[in-house]
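Only one structure is covered here, and it is reproduced in the block below.
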Amino acid sequence: MAETEKRPILKNRVYLYLTEFFAGMSVMAVELGASRLLAPYFSSSQIVWTIIIGTIMIAMALGNIYGGRTADKNPNPDRLYARIIIAAIWIALIPVLGKYIIILISGILIFAVNNNFLIIAGFVACMVIFVFPLFLLGTVTPSLVKYTVDNLDDNGKLVGNLNAANTIGSIIGTFVPTFISIPAVGTSITFLIFAGILLILSAVYFITSKISMKKIKRLPVGMVIFALCCALGWKSNFAFWQNNLLYEGESIYNYLQVYDDDRAIYFSTNVLFGIQSVYLKEKGLTGYYYDFAMAAPFMSGVNEKDALDILILGNGTGTFATQCERYFDKDLHITGVEIDDKITKLAKEYFELPEDIEVITYDGRAYLNAIDKKYDVIMVDAYQDITIPFQMSSIEFFTLVKDHLKDDGVMVVNMNMKSNAEGGINDYLSDTICQVFSESYYADTSALGNREFFASNNPEMLDVFAKNIEMEEDESLLFMMNRVSDRLTDYEAGDLVMTDDKAPVELLGMRVIDEIIQTEMAYYKGVFKEGGIKAVIENL
């Protein structure tokens, strides 16, 4: 205990509790930051969260073991606070290097694995980026217990208080990034904030202990590296290869990206998969699934009615709502439900969302539970990129949708995980829908692999569709509806039904990702096999 006695700051119980508090707080902040760093590349599904939580628990367990053993062998608190400095430096480097490491790992594994890419790539990325600093922070509690317990009279109380401080820090570290720092300043600065806190904590220890700087070279080196990380990592683009970004940011729920080309403005919540919204600069039909989805109002008799009530669950930036207003000269009452208020703000800033379209900031299913109104058309467009909410995929959810449709009302669901294999996510969704609706048809789009699924309990839905197409005067929309009519296929239902209790949407979605990778990368895998990485680069 000789070294401990030379460090009077360790006799200050408040400082000990602060060390535990900020260590616990930083662990949770890094865990939540990990989910936001990985989400733009791997989604924010339950699979990704499982990988994050699992690898972090591994790191903390190993840290506890190592911290206890090293404290017994060499009870010098200088070593603990030196480890905290290293952890702080590593965390500060994450916003600078993390995205490049993720892309590098993904690029290597895309050639190396054929199945379970999402699981393997996510696990390797977590192990490389996050395990080491959290392993070091896992050494804090057993080390402090060793350095501070000098009698058996109150050791239980001291250990309990230290653990309580760590737990309280973890609790606060859960809420602060989610509700304050990430929405306000982003993931990158959140990492830097907590790295800075750990550096300050260690600096206080070494400075008050009056240790020669020659013996603690890690501290000034750490400060310099931290300063460089602040300069380089405070504004970190996830899609660092794109030069046409109009906006890149984060909200409580999503990574958000707006970019454009000569033709249109696009919105996405993932840098690798999918487009959630598109706005044509010349204000015509988009050429995407939104045009196919406009068949739903025709199936509900839009050209025979004076007014139409439309509900959009997953409004995004309002592409479907805007297109309906543009092409249907009716008394339209359009309500969009979008859980992410920041997306709605982007809709008004970049996508010219009409002011008369009401957007409710709410979860789609919760909104249906809260209202009694019935609609002519309900569009379900809540399946973002590779993330499908299970609570909006079950028989209970689609029953709720049915209850909010008028007798001749139509539901249209945008399914964006098209698979050639039987028993895929779209088969599950379609079979589940058919348990609720008597009429069901689908049309596959030519762009992005989307499928529009139309369902109703009106047996005359197709007759209404054909009749209202004949009444359409806009030539471009008429051409589009005839195109949908040609592709419309009666769905033969199976028994792959999802419920609130059992809806394995993550595993089903992962299978589609594996299929997409195998299909899209087959050519480059052949090139790699023949000529190596150099040949792949030459063919990009």
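The values are calculated or read from the model by the stated rules, or taken from the named source; none is laboratory data. This is a predicted model, so every value here is computed, not measured. Virtual Cβ from ideal backbone geometry, glycine too; neighbours counted across all protein chains shown.
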Checklist entry - Does ILE105 satisfy being in the same structural domain as ILE182 (by TED's automatic domain parsing) and surrounded by fewer than 17 Cβ atoms within 10 Å (Cβ to Cβ)? => result no
Next on the checklist: Looking at the range 120-132, can you tell me whether even one residue there is closer than 28 Å to ILE207 by Cα and either without any contact (Cβ under 8 Å) to a residue 60 or more places away in the chain or assigned to a helix (DSSP H, G or I) (or both)?
Outcome noted: yes
Item to check | Scope the range 219-257; condition of a type in the set (Gly, Ala, Ser) and more than 21 Å from LEU104 (Cβ to Cβ); matching residues | outcome: GLY222, ALA227, ALA231, GLY249, SER251
Item to check | Boolean, ALA321 is of a type outside the set (Ser, Thr, Tyr) and within 16 Å of LEU477 (Cα to Cα) | outcome: yes
Checklist entry - What's the number of the condition ALA121 fails, among (1) small (Gly, Ala, Ser); (2) touching a Leu at 6+ places or on another chain (Cβ under 6 Å); (3) closer than 17 Å to ARG83 by Cβ? => result (3)
Checklist entry - Can you pull out the residues in the range 333-355 that are more than 22 Å from ILE275 (Cβ to Cβ) and modelled with pLDDT of 90 or more? => result HIS333, THR335
Checklist entry - Among all residue pairs at least 6 apart or on different chains, which show Cβ distances below 6 Å where the first residue, located in the range 382-402, is farther than 20 Å from GLN276 by Cα and at pLDDT 95 or above and the second is part of a helix (DSSP H, G or I) and among the hydrophobic types (A, V, I, L, M, F, W, C)? => result PHE398/ILE433; LEU400/LEU368
Item to check | Residues (at pLDDT 80 or above and either in contact with a His (Cβ under 9 Å, 6 or more places away or on another chain) or surrounded by 17 or more Cβ atoms within 10 Å (Cβ to Cβ) (or both)) located in the range 224-240 | outcome: ILE225, PHE226, CYS229, CYS230
Item to check | Search result, residues across the range 241-263 that are under 22 Å from the mean Cα position of the chain (by Cα), free of Cβ contacts under 8 Å to residues at least 12 places away in the same chain and surrounded by fewer than 15 Cβ atoms within 10 Å (Cβ to Cβ) | outcome: TRP241
Next on the checklist: Restricting to the range 320-358, count the residues that are in a helix (DSSP H, G or I) and charged (D, E, K, R).
Outcome noted: 7
Next on the checklist: For the range 431-448, give me each residue that is touching a residue at least 60 places away in the same chain (Cβ under 8 Å) and under 17 Å from TYR290 (Cα atoms).
Outcome noted: ALA443, THR445, ALA447, LEU448
Item to check | Residue in the range 54-65 that is closer than 17 Å to THR187 by Cβ, under 30 Å from the mean Cα position of the chain (by Cα) and assigned by TED's automatic domain parsing to the domain that holds LEU136 present | outcome: yes
Checklist outcome for this item: Going through the range 384-404 in order, the residues found to be crowded, with 23+ Cβ neighbours inside 10 Å, among the aliphatic types (A, V, I, L, M) and under 12 Å from PHE437 (Cα atoms) are VAL401
Item to check | Selection count where residues are crowded, with 21+ Cβ neighbours inside 10 Å and either of a type in the set (Lys, Arg) or assigned to a helix (DSSP H, G or I) (or both), scope the range 182-217 | outcome: 13
Next on the checklist: Here is a check on your reading of the model: is TYR266 at negative phi and buried (at least 24 other Cβ atoms within 10 Å of the Cβ)?
Outcome noted: no
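Quick grid of which residues meet (1) modelled with pLDDT under 95; (2) assigned by TED's automatic domain parsing to the domain that holds VAL377; (3) part of a strand (DSSP E or B); (4) crowded, with 20+ Cβ neighbours inside 10 Å:
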{"site": "ALA443", "(1), (2), (3), (4)": "yes, yes, yes, yes"}
{"site": "SER446", "(1), (2), (3), (4)": "yes, yes, no, no"}
{"site": "ALA455", "(1), (2), (3), (4)": "no, yes, yes, yes"}
{"site": "PHE465", "(1), (2), (3), (4)": "no, yes, no, yes"}
{"site": "GLU472", "(1), (2), (3), (4)": "yes, yes, no, no"}
{"site": "ASP486", "(1), (2), (3), (4)": "yes, yes, no, no"}
{"site": "ALA493", "(1), (2), (3), (4)": "yes, yes, no, no"}
{"site": "VAL497", "(1), (2), (3), (4)": "yes, yes, no, no"}
Item to check | Residue within the range 298-308 that is within 30 Å of the chain's Cα centre (by Cα) and hydrophobic (A, V, I, L, M, F, W, C) present | outcome: no
